[in-house]
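Participant: Quick one: structure below, then a few questions.
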Amino acid sequence: MKQPICPNCKREFKYREVLFVNRSKICPSCKMELFPTPASRKKQGFLLFVILTFVLSVRLLLDLNPGLYLLISTGALIIILLGVPFITAFTREEKPMFRR
Ligand SMILES: [Zn+2]
């Protein structure tokens, strides 16, 4: 697994700098505005989908007490947050997610 790098100055982003990326991110080194690539956004969506499916199946298939279920849901959310920096890649331009 690798951390994302700035496509302009090749600076490697620190893990915590990529934890919360909304629409764009300013490179701390060259101050360029960077956007997550459509591919990395798709991967994030896929990760979210897998985790949500997992959490819902656990709820449907197992008869857990609410406390344990809450614990599993929280754990799943943490996995998403921790995994995002490794699947994020940046590009200089904002590209549409789907081509027409
Ligand atoms: Zn940079």
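Participant: Hey, can you tell me all the residues within the range 1-45 that are modelled with pLDDT of 90 or more, of a type in the set (A, V, I, L, M, F, W, C) and more than 16 Å from the ligand (Cβ to nearest atom)?
Facilitator: Scanning the range 1-45 gives a single hit, A39.
Participant: Taking into account only those residues within the range 1-10 that are of a type outside the set (A, V, I, L, M, F, W, C) and surrounded by 15 or more Cβ atoms within 10 Å (Cβ to Cβ), which is farthest from A89 (Cα to Cα)?
Facilitator: Let us first name the residues in the range 1-10 that are of a type outside the set (A, V, I, L, M, F, W, C), namely 2-4, 7-8, 10.
Cutting the leftovers down to surrounded by 15 or more Cβ atoms within 10 Å (Cβ to Cβ) gives us 4, 7-8.
Details: P4: 5, P7: 9, N8: 13 Å.
Here the answer is N8.
Participant: Something else: Which residue is surrounded by the most Cβ atoms within 10 Å (Cβ to Cβ), if the candidates are limited to the range 41-69 and must be of a type in the set (S, T, N, Q) and under 14 Å from I80 (Cβ atoms)? Lay out the reasoning, then the answer.
Facilitator: Narrowing the range 41-69 to residues of a type in the set (S, T, N, Q): 44, 53, 57, 65.
Those still in the list that are under 14 Å from I80 (Cβ atoms) too: 44, 53.
Details: Q44: 17, T53: 10.
Out of the qualifying residues, it is Q44.
Participant: Something else: Kindly indicate whether any position in the range 77-88 is in a loop (DSSP other than H, G, I, E, B) and either surrounded by 11 or more Cβ atoms within 10 Å (Cβ to Cβ) or within 16 Å of the ligand (Cβ to nearest atom) (or both). Outline the logic, then answer.
Facilitator: Filtering the range 77-88 for residues in a loop (DSSP other than H, G, I, E, B) gives 88.
Going one step further and asking which of them are either surrounded by 11 or more Cβ atoms within 10 Å (Cβ to Cβ) or within 16 Å of the ligand (Cβ to nearest atom) (or both), we end up with 88.
Yes, because at least one residue in the range 77-88 is in a loop (DSSP other than H, G, I, E, B) and either surrounded by 11 or more Cβ atoms within 10 Å (Cβ to Cβ) or within 16 Å of the ligand (Cβ to nearest atom) (or both).
Participant: May I pose another question? Could we say that T53 is modelled with pLDDT of 85 or more and away from the ligand (no atom under 16 Å from the Cβ) here? Don't jump to the end; show me each part of the working.
Facilitator: Details: modelled with pLDDT of 85 or more: yes; away from the ligand (no atom under 16 Å from the Cβ): yes.
The answer is yes for T53.
Participant: Right, next: Applying the selection to the range 22-59, what residues are in contact (Cβ under 8 Å) with a residue 60 or more places away in the chain and of a type in the set (A, V, I, L, M)?
Facilitator: M32
The values are calculated or read from the model by the stated rules, or taken from the named source; none is laboratory data. All values reported here derive from a predicted model rather than from experimental measurement. Every residue, glycine among them, receives a Cβ derived from its backbone with ideal geometry; neighbour counts consider all protein chains shown.
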